[in-house]
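**Q** Okay, handing you the structure first.
Bear in mind these aren't lab numbers, they're just calculated from the coordinates by the rules spelled out. Bear in mind the structure is a predicted one, so any value in this text is a computation, not a measurement. Glycine also receives a Cβ, built like all others from the backbone with ideal geometry; neighbour counts cover every protein chain displayed.
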Amino acid sequence: MKVTRQVYIYFGSYFFNAVTSLLSVALLTKYLTPHDYGIINLYSSFLIFLMPFISGGILYPLSADFFKKKGDEYARHFSEAQAIPLVSLLIFSALCIAFCYPLSSFLRVTPLWVCLMPVSVWFLFINETSMMLARNKSQPWTFAGFSVGKNLTEMCLTIGLVIGMGLNWQGRLSSAVLASFLFIFVSGYFFYKWKVIVNKIDWKNVRNILWVSFPFIFERLSIFVLGYSDKYFIDKFDLKGTAEVGFYGLGGQIASIVQIVILSVTSAYNPAIFKWLSEKKFQKAFKLVKLYLFAIAAFILLFIIGLPIVYKFFISVEFSKGKYYSTYLIVAYGFWAIYSAFLPYFLFYNEGKKVLLISIFGMVLSLSLNAILVPRIGATGALYTSVAVYFTMAILSIFLSKPKWKLNEL
């Protein structure tokens, strides 16, 4: 299937998810308070924090290795890699049980929700793995089935649990867990169909995979620090506390429509650039980088122009403050798109150390600026931090990948 057609399918599925997500948010703002939204964001953010540790950072290397290893060799490699998340799941389940009470106080939830966190993250990871394989196998319709199907299931469960049963924030969290659990069985079917699971594991190879994947634990951890840790600073230092986290989180959820579009384009972009680099079609690869950045920039500009319409017609007046946060976060996601455009070069050429360097620098800068700015100017400080950090990471990704893409440009 042609790359352009794949982009249309990926974009269509993500656009559908963005629309349903917007409608779901618009509906829930009429039934949930800002404080409820604050709890939902604090809990969901902690799941993002756990993801790199549960996954072991294996997702990006598995994606790149798909184009380097064939048939049975990749199946063995894939199966051995899955041992890492399973071991991590056991370890973090024990830790969450041991520290359930302080964590429940920190996240404003009951201890049961703390105990459910590791397995919830593993469900999400398996779903991400399924979509990664569908992308790499050039099966965009299968990808759309996973993406749209899970989103629709989650939305229906949310409506039933929050609106129908009045479970408030607990209903919203329950719908996410249940939808991910149901799609575990769908993922298992496709893993069997794609013949990527074998029953023999060489633990020496598992250690080698962990060593290669280790830098990407920090890359994934940076996603939490850069995009989600600010909510804990706001909860701690902003005078309005958890309610302000709700406004900020809603603003981020609207802004994440940009992230959804970026992911939709990336779904076709990454496999295509890996393929062209492996075939030494360097000029095509670099032209794709420029096309990717132009498309994202155009969408961001249009979305910022249309943002007042979104809040006027879709969002409850009680949450109108979120528009201020959305604007800054959309700009921050634009810089994140630049970083994402050059990430495949690091992945393909096994330059995980550079990804580690960018990730650690971004995390340190983010935590430092949030610690300085949020206590002084509240949630606005978190906005300034996000823009500054993503901008810095974008510049670093361009500079550190230059030896590869500059060569490929020739």
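**Q** For the pair S105 and W141, what calculated FRET efficiency results from E = 1/(1 + (r/R0)^6), where r is the Cβ-Cβ distance and R0 = 41 Å, to the nearest 0.05?
**A** Plugging the Cβ-Cβ distance into 1/(1 + (r/R0)^6) gives 0.35.
**Q** Where a ≥ b ≥ c are the square roots of the eigenvalues of the C-alpha gyration tensor, would you call segment 8-136 rounded, which needs a/c under 1.5, or, failing that, prolate if a/b is larger than b/c, or oblate?
**A** oblate
**Q** Under DSSP H, which helices of the chain have Cα atoms covering 30 Å or more of the helix axis and a Kyte-Doolittle average no less than 0.0?
**A** 3-28, 34-55, 71-98, 111-136, 168-194, 203-227, 241-278, 282-314, 322-348, 352-377, 379-409
**Q** Along the Cα→Cβ direction, 7 angstrom out, place labels at L301 and K68. What is the inter-label distance in nm?
**A** About 3.9 nm, to one decimal.
**Q** Next up: Stretched out fully, how many nm does the piece from V317 to Y192 gain, at 0.36 nm a residue minus the Cα gap? List each step's numbers first, then the result.
**A** Values: separation 125, 0.36 × 125 = 45.00 nm, distance 4.85 nm.
Extra length available between V317 and Y192 comes to 40.1 nm.
**Q** Shifting gears a bit: Using just the alpha carbons, could you tell me how many Å³ per residue the convex hull of segment 3-409 encloses?
**A** 129
**Q** Contour minus end-to-end for F294 and V148, with contour as 0.36 nm per residue of separation and end-to-end as the Cα-Cα distance?
**A** On the way: separation 146, 0.36 × 146 = 52.56 nm, distance 2.60 nm.
Extra length available between F294 and V148 comes to 50.0 nm.
**Q** Quick one: of K68/K290; K150/K353; K275/K353, which pairs are farther than 29 Å apart, Cα to Cα?
**A** K150/K353
**Q** Output the relative contact order of the chain, whole-number percent, from Cα pairs under 8 angstrom with separation of 6+ residues. Could the numbers behind the result be given before it?
**A** Values: 526 pairs, mean separation 102.0, N = 410.
About 25 percent, as a whole number.
**Q** Between I309 and I201, with labels modelled 7 Å along Cα→Cβ, what's the label distance in nm to one decimal, could you check?
**A** Each label point is offset 7 Å from its Cα along the Cβ direction, giving 5.2 nm.
**Q** Sorting D238, D65, D230 on the 10 Å Cβ count, fewest up front, what's the list?
**A** D65, D238, D230
**Q** If you don't mind, there's one more thing I want to ask. Using Cα positions and a limit of under 16 Å, work out the lysines in reach of K354, with same-chain residues fewer than 8 apart set aside.
**A** Partners within reach: K402, K404.
**Q** In terms of Cα to Cα distance under 18 Å, which lysines are near enough to K231, apart from those fewer than 8 places away along the same chain?
**A** Within reach: K240, K321, K323.
**Q** So how much slack lies between F282 and E128, counting 0.36 nm per residue of separation and subtracting their Cα-Cα distance, in nm?
**A** Fully extending the segment from F282 to E128 adds 52.6 nm.
**Q** By per-residue mean of other Cβ atoms within 10 Å, what is the highest-first order of 160-169, 207-216, 303-312?
**A** The packing order, highest mean first, is 207-216, 160-169, 303-312.
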